Amino acid sequence: MSDGFVPLAVFLAPPPRLQPEAPAPVPTETFVPEELETTLRAARRFRAALGDAVDAALPALLRAIAEGVLARELRLEPAAIARVVAAAVDRAGQEHVVAIRVHPSERGAVATLGLAAVADTTLGPGDCRLQLRSGTIDASLRVRLETALAAQAP
């Protein structure tokens, strides 16, 4: 045999059997350093507090989103304030309506109802308040939105 010659039988022979290694012992208790345990407890409390905060803020957030969407819609297509006022007058029933307060840009739209229309700069587009002899009916967009949201609440 010359240097570097390896018989073919060496390559064809099965590899020697290896003894399986013993599995690593499984610890019965997991060691968690005190700092890590404290951090995990704080993270759990933070997560719970965050969930509570979201639950508490959700109704106000939904209301703000709805108001924003409605305000945008009112800018794109002004509300049919005459229908809103007519519905409020119907709700007043036999009460005598003294005046209708609306946003200045909508005063002309309610003039056709034959009632005294007062331009009120404190009201936004789509808002109206009916002044009655015995009080007022607030038919502002916010009140109508609150009523609609309350009707949808479970």
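The values are calculated or read from the model by the stated rules, or taken from the named source; none is laboratory data. The structure presented is a predicted model; accordingly, all values stated were derived computationally and were not measured. Counting neighbours? That spans all protein chains shown, and the Cβs are built from the backbone with ideal geometry, glycine included.
Is it the case that Val54 is at pLDDT below 75 and among the β-branched types (Val, Ile, Thr)? Answer is no for this residue.
Check whether at least one residue in region 2-20 is surrounded by 10 or more Cβ atoms within 10 Å (Cβ to Cβ), out of contact with any helix residue (DSSP H, G or I) (no Cβ under 9 Å at 6 or more places or on another chain), of a type in the set (A, V, I, L, M, F, W, C) and at pLDDT 70 or above, and report yes or no. Within region 2-20, not a single residue is surrounded by 10 or more Cβ atoms within 10 Å (Cβ to Cβ), out of contact with any helix residue (DSSP H, G or I) (no Cβ under 9 Å at 6 or more places or on another chain), of a type in the set (A, V, I, L, M, F, W, C) and at pLDDT 70 or above. Screening Thr121, Thr147 for residues that are in a loop (DSSP other than H, G, I, E, B), polar (S, T, N, Q) and surrounded by fewer than 17 Cβ atoms within 10 Å (Cβ to Cβ) leaves exactly one candidate, Thr121.
Condition check: at pLDDT 85 or above and closer than 18 Å to Glu146 by Cα. Does Ala87 satisfy that? Please lay out each step first, then the result.
Numbers: at pLDDT 85 or above: no; closer than 18 Å to Glu146 by Cα: yes.
No.
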